[in-house]
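Here is the structure we will look at, set down as structure tokens.
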Amino acid sequence: MATIYLDTCTLRSWRDGDEFSLSEQANNRKIWDRVRDFFPHPYTVRDASSWIRMNRSYQQPVNLAIDIGGKAVGNVGFTIKEDIYRHNAEIGYWLGEAHWGQGIMTEVLPAMVNYIFVNFQVNRLFGCVLEGNKVSMRVLEQAGFRAEAVLKKAAIKNNQYLDEHIFALLREEFVTRQERISLAGKQ
């Protein structure tokens, strides 16, 4: 089990009992409009139960619940790619709408990046953001990711072709950033 205590929330492994808060938070069209289509909409308690069961099967968690006040209100996670991309991982996240604009993801993302680089053999971490989601792009930039590419009309969501913005962070960039933060703290 993984637990990371932050000022605004706790990141923890998914657990039985999260089904109702997960389905309540995730069943939101505004969230679904910003994520991939494999994220169900409507998001039911049954969908939540399947998600939790799948995540409980991992020995080392790759998805962590964003917990506020004992309730799961979002997710941050990653997928390690395969074959020649096996040292790449894609990070993804969402947060219940009631918690938007409170700086939660700005704190969550760097903590998750640290968790990934410390515990997994990842050299390149990247995030994909659909056109128009400026807040998510800014969260990635604040966590040290740099804009890497814009794939023109590469995604389709709600029957519209959208640009996909790719942001990336290399392990060496992460290490350099951590060293700078450490040095700044000593001054």
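The values are calculated or read from the model by the stated rules, or taken from the named source; none is laboratory data. Owing to the predicted nature of the structure, the values given are computational and were not obtained by experimental measurement. Cβ coordinates were reconstructed from backbone atoms using ideal geometry, including for glycine residues, and neighbour counts include every protein chain displayed. Quick note on the areas: whole protein, heavy atoms, side chains included, nothing else; ligands and nucleic acids left out. Shrake-Rupley method; radii C 1.70, N 1.55, O 1.52, S 1.80 Å.
In straight-distance terms, cross-link reach from LYS71 covers every one of the aspartates and glutamates whose alpha-carbon lies under 12 Å from its own, apart from those fewer than eight places away in the same chain; here that gives ASP16, ASP18, GLU19, GLU24. A simple rule links phi to the HN-Hα coupling: the Karplus curve 6.51 cos²θ - 1.76 cosθ + 1.60 with θ = phi - 60°, which for the range 157-170 gives 9, 6, 6, 10, 7, 10, 6, 10, 9, 10, 10, 9, 9, 8 Hz, with x for Gly and Pro.
With a probe of 1.4 Å, find how much accessible area the range 21-146 has per residue, and write the answer as a whole number in Å². Working shown, then result.
Values: 6430 Å² over 126 residues.
Solvent-accessible surface per residue comes out at 51 Å².
Label-to-label distance, ARG53 versus GLU173, with points set 7 angstrom from Cα along the beta-carbon direction: 3.9 nm. Please identify, among THR176, THR44, THR79, the residue showing maximal mean-square fluctuation in a Gaussian network model of the chain using a 10 angstrom Cα cutoff. Ranking THR176, THR44, THR79 by mean-square fluctuation puts THR176 first. Overall, the accessible surface of the range 5-137 at a probe of 1.4 angstrom is composed of carbon and sulfur to the extent of 50 percent.
Restricting attention to the range 63-135, which trypsin sites (Lys or Arg not before Pro) occupy a DSSP loop and are surrounded by at most 16 other Cβ atoms within 10 Å?
Numbers: sites: LYS71, LYS81, ARG86, ARG124, LYS134; in loops: LYS81, ARG86.
For trypsin sites (Lys or Arg not before Pro) across the range 63-135 that sit outside H, G, I, E and B with at most 16 neighbouring Cβ atoms in 10 Å, the list reads LYS81, ARG86.
Straight-line cross-link partners of LYS152 among the lysines, defined as a Cα under 21 Å from its Cα and at least 8 positions apart when in the same chain: LYS134.
Amide H contacts of LEU162: ALA154, ALA155, ILE156, LYS157, each under 5 Å away and 5 or more positions distant or on a separate chain (H built 1.01 Å from N in the peptide plane; Pro and chain starts excluded). Here the ratio of the Cα radius of gyration of the range 3-185 to 2.2 N^0.38 Å is 1.01.
The Cα center of the range 85-131 and the Cα center of the range 157-187 differ in position by 9 Å.
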